[in-house]
1. Evaluate the following for LEU232: is it crowded, with 18+ Cβ neighbours inside 10 Å and within 30 Å of PHE128 (Cα to Cα)?
2. Are any of the residues in region 314-330 under 27 Å from the mean Cα position of the chain (by Cα) and either open to solvent by less than 50 Å² (accessible area, probe 1.4 Å) or closer than 15 Å to VAL212 by Cα (or both)?
3. Return the pairs, sorted by first residue and then second, in which the second residue is of a type outside the set (A, V, I, L, M) and not in a loop (DSSP other than H, G, I, E, B), the first residue lies in region 42-53 and is farther than 14 Å from ILE68 by Cα, the beta carbons are less than 6 Å apart, and the residues are 6+ apart or on different chains.
4. Restricting attention to region 239-264, and to residues there that are of a type in the set (Phe, Trp, Tyr) and surrounded by fewer than 16 Cβ atoms within 10 Å (Cβ to Cβ), which single residue is nearest to the chain's Cα centre (by Cα)?
5. So, ILE296, is that one modelled with pLDDT of 95 or more, among the β-branched types (Val, Ile, Thr), closer than 16 Å to GLY210 by Cα and open to solvent by less than 60 Å² (accessible area, probe 1.4 Å) or not?
6. Would you point out which residue out of LYS338, LYS310 is within 16 Å of the ligand (Cβ to nearest atom) and outside any loop (DSSP other than H, G, I, E, B)?
7. Does region 331-349 hold any residues that are open to solvent by 10 Å² or more (accessible area, probe 1.4 Å) and touching a helix residue (DSSP H, G or I) at 6+ places or on another chain (Cβ under 8 Å), and which are they?
8. Under 6 Å between Cβ atoms, which residue pairs at least 6 apart in sequence (or on different chains) link something in region 180-198 that is without any contact (Cβ under 8 Å) to a residue 60 or more places away in the chain and acidic (Asp, Glu) with a partner that is open to solvent by less than 30 Å² (accessible area, probe 1.4 Å) and not in a loop (DSSP other than H, G, I, E, B)?
Amino acid sequence: MLGANSIGKEFVMTCFGESHGKCVGVIIDGCPPGLPLHEKDIQKELDRRIPPQPEIVSARREKDIVGILSGTFNGYTTGAPICVLVWNKDVIPDEYELAKDTPRPGHADYPARIKYGSFNDYRGGGRFSGRITAAFVMAGAIAKKLLGLFGIDVLAYAIEIGNVKIRKKPTLEEIRGNTYKTSVRCPDLESAREMEEAILRVKREGDSVGGVVECVASNVPVGVGEPLFDSLDADIAKVLFDVPAVKGVEFGAGFEAARLRGSKNNDPYVIRNGKVVALTNNAGGVLGGLSSGMPILVRAAIKPTPSISKGQRTVDLSKMKETLIKVMGRHDSCIVPKAVPVIESAVAIVLADHMLRSGIIPKVLRGQK
Ligand SMILES: Cc1cc2nc3c(=O)[nH]c(=O)nc-3n(C[C@H](O)[C@H](O)[C@H](O)COP(=O)(O)O)c2cc1C
């Protein structure tokens, strides 16, 4: 069964569609009535998936036109399920016929073929394609509008690509102002240029690189999260691991915390302007599965694009023989730039769900209309 396509308890997102099927879309159930929502709100977010420089993120360039099929009336959500989709147009299914029996190393082809047999939609990776993440971005657009009512701001950006690390910690202003000025979605313009070069270098060799996306959510109130098993960090980590190609997730100091002493890792509290704040944020804004009031700071490690034109060993399953594969379809040499708005959306979806679970949002919306 290709089950488990929904996530969330109050803000419930169900994702549908395949890479080379008719459409990719999402149904949001549980969004409260009264949220202003237009197609252009979602379109704006979706457009951010395609960086302007085709040599950095070339490949498939869908002109995605968002359609809201249900759940809004007169420009506001009604409380009914919201169905949003984009139609797949830039599709060349024959491109993938050759690779049908030769699973791409690093992609989901082999386990999917074994699990679903001849029913597996292998075209372009089917349900396992990065294309599916358009649904995350559509849902994320709605989630971010909800979160905006509380002044909660979720921002993702690349901090590492092809072993080029961002040179300094970006300020919120730099993140807001610069991230989408660069094709690699890195707020430090000089680091961004080096990252672009790293991608172009590897692309010339028919290979690919990975990287790290950081996401910061500001103004999340203290106490959001439902321990034990719906802890805020656990739910964020889960949705991030649901994004294809994510191989690691860490909060705050992350794995580095394992190397620190308690005296260095603890975030000391002080009073500033009559409010309790922490001097550092090694916890990444989550303590005991609850938001701490500090920014939620999370990073996702993205692996290099599996489909590469460089020859690799694989097997021909129809003949049960070893062979070589060169993946010639339209693939990006680095997933990170496209993954940036996806990671941002994924975090926003979980935060919207938890804000609704905290019971605050409906009251705000009732007061609004
Ligand atoms: C935004 C995005 C775009 C992607 N584009 C590609 C691509 O062009 N080619 C490819 O082989 N994999 C691509 N992937 C990654 C695969 O979908 C993913 O590696 C595969 O489904 C296996 O899943 P796993 O890496 O999570 O194990 C993309 C992932 C994301 C998030």
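The values are calculated or read from the model by the stated rules, or taken from the named source; none is laboratory data. Quick caveat: nothing in here was measured; it's all calculated off a predicted structure. Please note: Cβ atoms are built from the backbone with ideal geometry, for glycine as well, and neighbour counts cover all protein chains shown. When the accessible area is computed, the model is the full protein with side chains, heavy atoms only, and any ligands, DNA or RNA have been set aside. Shrake-Rupley method; radii C 1.70, N 1.55, O 1.52, S 1.80 Å.
1. On the way: crowded, with 18+ Cβ neighbours inside 10 Å: yes; within 30 Å of PHE128 (Cα to Cα): yes.
Yes; evaluated as a whole, the condition is true for this residue.
2. Taking region 314-330 as the starting set, the residues that turn out to be under 27 Å from the mean Cα position of the chain (by Cα) are 327-330.
Remaining after also requiring either open to solvent by less than 50 Å² (accessible area, probe 1.4 Å) or closer than 15 Å to VAL212 by Cα (or both): 327, 329.
Taking every residue of region 314-330 in turn, at least one turns out to be under 27 Å from the mean Cα position of the chain (by Cα) and either open to solvent by less than 50 Å² (accessible area, probe 1.4 Å) or closer than 15 Å to VAL212 by Cα (or both).
3. Between residues of region 42-53 that are farther than 14 Å from ILE68 by Cα and residues that are of a type outside the set (A, V, I, L, M) and not in a loop (DSSP other than H, G, I, E, B), the close pairs are ARG48/PRO341; ARG49/LYS338; ARG49/PRO341; PRO51/PRO337.
4. Filtering region 239-264 down to residues of a type in the set (Phe, Trp, Tyr) leaves 241, 251, 255.
Next, from what is left, pick out any that are surrounded by fewer than 16 Cβ atoms within 10 Å (Cβ to Cβ): 241, 255.
On the way: PHE241: 9, PHE255: 21 Å.
Ranking the qualifying residues of region 239-264, first place goes to PHE241.
5. Working: modelled with pLDDT of 95 or more: yes; among the β-branched types (Val, Ile, Thr): yes; closer than 16 Å to GLY210 by Cα: no; open to solvent by less than 60 Å² (accessible area, probe 1.4 Å): yes.
Taking the combined requirement at face value, the residue does not satisfy it.
6. Numbers: LYS310 fails: outside any loop (DSSP other than H, G, I, E, B).
None of the others qualify; the one that does is LYS338.
7. As a first pass, look at region 331-349 and keep what is open to solvent by 10 Å² or more (accessible area, probe 1.4 Å): 331-333, 335, 338.
ASP332, SER333, ILE335, LYS338 - these are the residues of region 331-349 that are open to solvent by 10 Å² or more (accessible area, probe 1.4 Å) and touching a helix residue (DSSP H, G or I) at 6+ places or on another chain (Cβ under 8 Å).
8. Short answer, once both residue conditions are applied: GLU194/VAL164.
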